[in-house]
1. How many residues are open to solvent by less than 40 Å² (accessible area, probe 1.4 Å) and assigned to a strand (DSSP E or B) if we restrict to the stretch 36-62?
2. Condition (residue is within 30 Å of K47 (Cα to Cα), among the aliphatic types (A, V, I, L, M) and in contact with an Asp or Glu (Cβ under 8 Å, 6 or more places away or on another chain)) applied to the stretch 237-250: is it met by at least one residue?
3. With the condition kept exactly as written, say whether any residue in the stretch 163-186 is closer than 22 Å to C50 by Cα and free of Cβ contacts under 8 Å to residues at least 12 places away in the same chain.
4. Filter the stretch 184-194 down to the residues that are closer than 25 Å to Y246 by Cβ and open to solvent by 20 Å² or more (accessible area, probe 1.4 Å) and list them by number.
5. Suppose the filter is in contact (Cβ under 8 Å) with a residue 12 or more places away in the chain, over 24 Å from H71 (Cα atoms) and part of a helix (DSSP H, G or I); does A221 pass it?
6. Can you go through I181, I170 and tell me which one is surrounded by 14 or more Cβ atoms within 10 Å (Cβ to Cβ), in a loop (DSSP other than H, G, I, E, B) and either basic (K, R) or in contact with a helix residue (DSSP H, G or I) (Cβ under 9 Å, 6 or more places away or on another chain) (or both)?
7. Take the conditions assigned to a loop (DSSP other than H, G, I, E, B), within 17 Å of the chain's Cα centre (by Cα) and surrounded by 14 or more Cβ atoms within 10 Å (Cβ to Cβ) and apply them to F201. Does it pass?
8. Collect the residues in the stretch 118-132 that are surrounded by fewer than 17 Cβ atoms within 10 Å (Cβ to Cβ) and without any contact (Cβ under 8 Å) to a residue 24 or more places away in the chain, keeping them in residue-number order.
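The values are calculated or read from the model by the stated rules, or taken from the named source; none is laboratory data. None of the values given here were measured: they were computed from a predicted structure. Glycine gets a Cβ as well: all are built from the backbone with ideal geometry, and neighbour counts include every protein chain shown. Note: accessible area is taken over every heavy atom of the protein model, side chains too, but ligands, DNA and RNA are not part of it. Shrake-Rupley method; radii C 1.70, N 1.55, O 1.52, S 1.80 Å.
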Amino acid sequence: MKYEMHDLNRRKLPFIFHSDVMDKNTRDYTHWHENLEILCFYEGMGKVLCDSSVTDVKAGDIYVINSERLHMVQSDTEVKYYCLIVDAEFCRQNGIPVGEVCYREKIEDRAMATVFQRVVSAFEGNDAYKEAKVKHETLGLLLTLAEHYTVEIEQDEDDVAHLDNVKEAIRYIKENFQKNIGVNDICQAAGLSRAYFSRIFKQVTGFTVVNYVNMVRCQSAAKMLRTGKYRVKTVAEQCGFTNLSYFSLTYKKIMGRLPIEEK
């Protein structure tokens, strides 16, 4: 039940690496994937929501998102962090377990931060051996995790079942947000009653079902609008909004600007 596919094994370097900036009191939407994700916070304070846990993070912290974990980042102040996503198959090919073991999530260790900074330097370099350096430093980071930061995590069977229901709902939303879907459709896909499902969905993701659907729709709309190829009405229709005024109001509320202001 994976909904966010990265296709990293098709890339020259099987990684995604970027720096993110989040304004104060904002949050991403909950998602998950098979690949290992490592965050390195270098400015501000916030929280990482992972499955049913909420962890405070600050500049200097490393946060590891294990395979198949529902997660999102929420900012308390303006937050800046590096994000490294490593292809699960690349890890396995190099003897680094993914899925079979869990890595410690929050790491407050200057030595680990130094190892991550070497990865940053490799990605930001521009010499003839950049590709080799990126692979070398990333493998060094993964090896450090595997040797020093594996942990035993026990999960309650009921919690696992709830998370699976939410994952199934998110998968359904991701695959069908362009259509005129409602809460009842999503509950049916998750296999739960509306009242019960709505409660656990909010508990796990931090969003109501309707707000989450609108978040996914607006994120997709933003990508289309930023290409400059589509009219606002066309974007609204292709992203599941049947009313243009409602689309504009919803987009403003979620994205902080009107669709016509998107660049």
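1. 13
2. Of all residues in the stretch 237-250, those within 30 Å of K47 (Cα to Cα) come to 239, 247-250.
Filter once more, keeping what is among the aliphatic types (A, V, I, L, M): 249.
Keeping just the survivors that are in contact with an Asp or Glu (Cβ under 8 Å, 6 or more places away or on another chain) gives none.
Taking every residue of the stretch 237-250 in turn, none turns out to be within 30 Å of K47 (Cα to Cα), among the aliphatic types (A, V, I, L, M) and in contact with an Asp or Glu (Cβ under 8 Å, 6 or more places away or on another chain).
3. No, the stretch 163-186 contains no residue that is closer than 22 Å to C50 by Cα and free of Cβ contacts under 8 Å to residues at least 12 places away in the same chain.
4. If the condition is that a residue be closer than 25 Å to Y246 by Cβ and open to solvent by 20 Å² or more (accessible area, probe 1.4 Å), then N184, D185, Q188, A189, R194 are the ones that fit.
5. On the way: in contact (Cβ under 8 Å) with a residue 12 or more places away in the chain: yes; over 24 Å from H71 (Cα atoms): no; part of a helix (DSSP H, G or I): yes.
Judged against the criteria, A221 is not a match.
6. Numbers: I170 fails: in a loop (DSSP other than H, G, I, E, B).
None of the other options fit; the residue is I181.
7. Working: assigned to a loop (DSSP other than H, G, I, E, B): no; within 17 Å of the chain's Cα centre (by Cα): yes; surrounded by 14 or more Cβ atoms within 10 Å (Cβ to Cβ): yes.
Spelling it out, it is not the case that F201 is assigned to a loop (DSSP other than H, G, I, E, B), within 17 Å of the chain's Cα centre (by Cα) and surrounded by 14 or more Cβ atoms within 10 Å (Cβ to Cβ).
8. Residues of the stretch 118-132 that are surrounded by fewer than 17 Cβ atoms within 10 Å (Cβ to Cβ), as a first pass: 118, 120-121, 124-132.
Hits for the stretch 118-132 are R118, S121, E124, G125, N126, D127, A128, Y129, K130, A132.
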